[in-house]
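The values are calculated or read from the model by the stated rules, or taken from the named source; none is laboratory data. Keep in mind the model is a prediction, meaning the values are calculated, not measured. Positions of Cβ are generated from backbone atoms using ideal geometry, with glycine treated the same way; all protein chains shown enter the neighbour counts.
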């Protein structure tokens with residue numbers, strides 16, 4: 001159970017960090033030459049979940065860190081900026097839904113722990 005809570009906690013932290021990156025993109029929507037950035041963490045978490053099957057949960061989660069990258073595939077405007085307000089707002093909405101889902105899951109896990117300790 002603790003490994004699940006650790007994973008959920010790290011996932012929520014990564015979602016908060018991603019939200020900050022996306023907000024920074026919006027803040028730079030009119031900055032010439034600015035290239036949008038994003039934070040990828042789903043692959044790292046998937047690898048940690050797989051590794052957890054073979055090693056202890058503490059070891060599996062130690063190396064999990066989100067990866068910041070610059071988007072070089074999006075089409076840039078003539079000023080070199082490739083930030084799209086619609087894209088950033090959509091990504092922020094999706095990230096918020098993801099965060100809320102993780103919050104509900106961790107709340108349910110903690111409620112289960114409370115019930116288990118109360119009954120002892």
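Residue 39 falls short on exactly one of the conditions (1) outside any helix (DSSP H, G or I); (2) at pLDDT 95 or above; (3) under 19 Å from the mean Cα position of the chain (by Cα), and that condition is (2).
Identify all residues within the stretch 68-94 that are outside any loop (DSSP other than H, G, I, E, B) and touching a strand residue (DSSP E or B) at 6+ places or on another chain (Cβ under 9 Å); write none if there are none. Write out each step before concluding.
Keep residues of the stretch 68-94 that are outside any loop (DSSP other than H, G, I, E, B), which gives 68-70, 85-94.
Within the stretch 68-94, 68, 69, 70, 91 meet the criteria.
Criterion first (part of a loop (DSSP other than H, G, I, E, B) and either at pLDDT below 95 or more than 21 Å from residue 10 (Cα to Cα) (or both)) does residue 65 satisfy it? It would help to see each step written out before you state the result.
Details: part of a loop (DSSP other than H, G, I, E, B): yes; either at pLDDT below 95 or more than 21 Å from residue 10 (Cα to Cα) (or both): yes.
Yes; evaluated as a whole, the condition is true for this residue.
Apart from one condition, residue 54 fits all of (1) modelled with pLDDT of 80 or more; (2) surrounded by fewer than 12 Cβ atoms within 10 Å (Cβ to Cβ); (3) more than 17 Å from residue 100 (Cα to Cα); the exception is (1).
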